[in-house]
Amino acid sequence: MKIVVIGGTGLIGSKLVKKLREHGHEVVAAAPKTGVNSLTGEGLADALKDASVVVDVTNAPSWEDTAALKFFETSTRNLLAYGAAAGAGHHVALSVVGTERMLQSGYFRAKIAQENLIKASSTPYSIVRATQFFEFVKQIADYSTEGNQVRLPPVLFQPMAADDVASALARIATNSPVNGTVEIGGPEQSRLDELVRRCLAALQDPREVITDPNAGYYGIPVSDRTLVPDKDARLGETRFEDWLKQAVDQAPKALQQRA
Ligand SMILES: NC(=O)c1ccc[n+]([C@@H]2O[C@H](COP(=O)([O-])OP(=O)(O)OC[C@H]3O[C@@H](n4cnc5c(N)ncnc54)[C@H](OP(=O)(O)O)[C@@H]3O)[C@@H](O)[C@H]2O)c1
């Protein structure tokens, strides 16, 4: 089966490409770096030739409201049109758990626009909504930092390893389209402020995490269940503590740059 991973050089995309190849599939890792641009259409027709499945794990280079909307709308329209022309019978896209609860943010309005274009198209599809990646936790802290303090609300949080996101996507991409949305999340629920505190401590980051019920998530107002999936979500296996220990032991510098 030929599978084209759009955004195949990114955090999730590169892991997904590797897993699919290990399972014997013909995989194209498509991204601007490999000559494929979902915004301009450059290289799409060639990359998608004879493809059975298109997996969209791109991200907008800018998260500014207008730029993110333009990216996800244009890119999704192109992928659906070129995919249909190539005869691909399954469009898989990665979105975020709780997207419809965070529409004060332009980024999440862009993700809903992406989902709606897919649902309205005639191509069979699977939308996979994931919770926040472990690799993204330090970026959440950085966004919420003022001076030496990180202000975060004590809301429920159920992040997951990027590796488990890629495994779930590989399973879904190689099965029949669900023509609906699947939620995936981490194996454990904790509190956003607590988990970020544990992460910074493990990284020996001197910042203090202040529990503030009025603070937002990435500036977005959130309530207790905004960020967590429903009870029928498929759960990854990797626990945050184990991931953190391994990440700190193996590559502290890389973790600090990436996470
Ligand atoms: N962060 C989270 O916690 C989280 C949680 C749930 C879902 N998600 C979703 O997961 C998805 C992937 O995230 P990620 O962290 O893996 O992203 P990432 O590491 O930033 O990778 C983004 C990928 O998109 C590619 N790309 C950018 N512009 C493109 C274009 N015009 N044409 C084709 N490809 C393009 C990039 O290619 P280059 O390398 O060439 O730039 C790269 O391969 C996003 O849609 C996000 O909404 C994220």
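The values are calculated or read from the model by the stated rules, or taken from the named source; none is laboratory data. Just so we're clear, the structure is a prediction, and the values are computed from it rather than from any experiment. Neighbour counts are summed over all protein chains in view; Cβ atoms, including those assigned to glycine, are modelled from backbone coordinates with ideal geometry. What goes into the accessible areas is simple: the full protein's heavy atoms, side chains included, and nothing from ligands, DNA or RNA. Shrake-Rupley method; radii C 1.70, N 1.55, O 1.52, S 1.80 Å.
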Computed log₁₀ I(q)/I(0) - Debye formula, equal Cα scatterers, no solvent, the chain, q 0.09 Å⁻¹: -0.40
Relative contact order (%) - criterion: Cα under 8 Å, at least six apart; region: segment 2-89: 33 percent
Surface per residue (accessible, 1.4 Å probe) for segment 14-88, Å²: 51 Å²
Inter-label distance, nm, simple model (7 Å from Cα along the C-beta direction), residue 77/residue 122: 1.8 nm
Net charge contributed by nearby residues that have their C-beta within less than 13 Å of residue 61 (K/R +1, D/E -1): +1
Sulfur and carbon atoms: percent of accessible area, the chain [1.4 Å]: 49 percent
Span per principal axis, largest first, for the Cα atoms of segment 129-207 (Å): 49, 21, 20
Residue-span extension gain [residue 239 to residue 175] - 0.36 nm each, minus C-alpha spacing: 20.4 nm
Virtual spin-label span in nm between residue 249 and residue 67, 7 Å along Cα→Cβ: 3.9 nm
Sequence-distant residues sharing a close amide H with residue 92 (under 5 Å, placed H): 54, 55, 56, 126
The chain: antiparallel DSSP beta bridges as a percent of all, rounded to 5: 15 percent
Sparse-neighbour loop sites [GluC sites (Glu not before Pro); segment 185-252; at most 13 other C-beta within 10 Å; DSSP]: 237
Interchain or long-range residues, amide H under 5 Å from residue 182's placed H: 127, 128, 129
Sites residue 22 and residue 214, calculated FRET efficiency, Cβ-Cβ separation with R0 41 Å, nearest 0.05: 0.35
Partners for residue 49 among lysines (Cα-Cα distance below 17 Å; same-chain residues under 8 apart left out): 2
Net length gained if the chain between residue 59 and residue 198 were fully extended (0.36 nm per residue, minus Cα distance): 47.3 nm
Span per principal axis, largest first, for the Cα atoms of segment 5-80 (Å): 40, 24, 19
Segment 209-236-segment 81-126 distance, computed between alpha-carbon centres (Å): 22 Å
Spherically averaged projected area of segment 134-259 from its Cα convex hull (nm²): 8.3 nm²
Label zone at residue 148, where the point sits 7 Å out along the Cα-to-Cβ direction: segment 208-228 residues whose backbone N lies under 11 Å: 208
Check: the chain dipole with +1 on Lys, Arg Cβ and -1 on Asp, Glu Cβ, in debye: 320 debye
Shape box of segment 24-129 [Cα atoms, principal axes, largest first, Å]: 40, 26, 25
Of all DSSP beta bridges in segment 107-218, antiparallel share, percent nearest 5: 30 percent
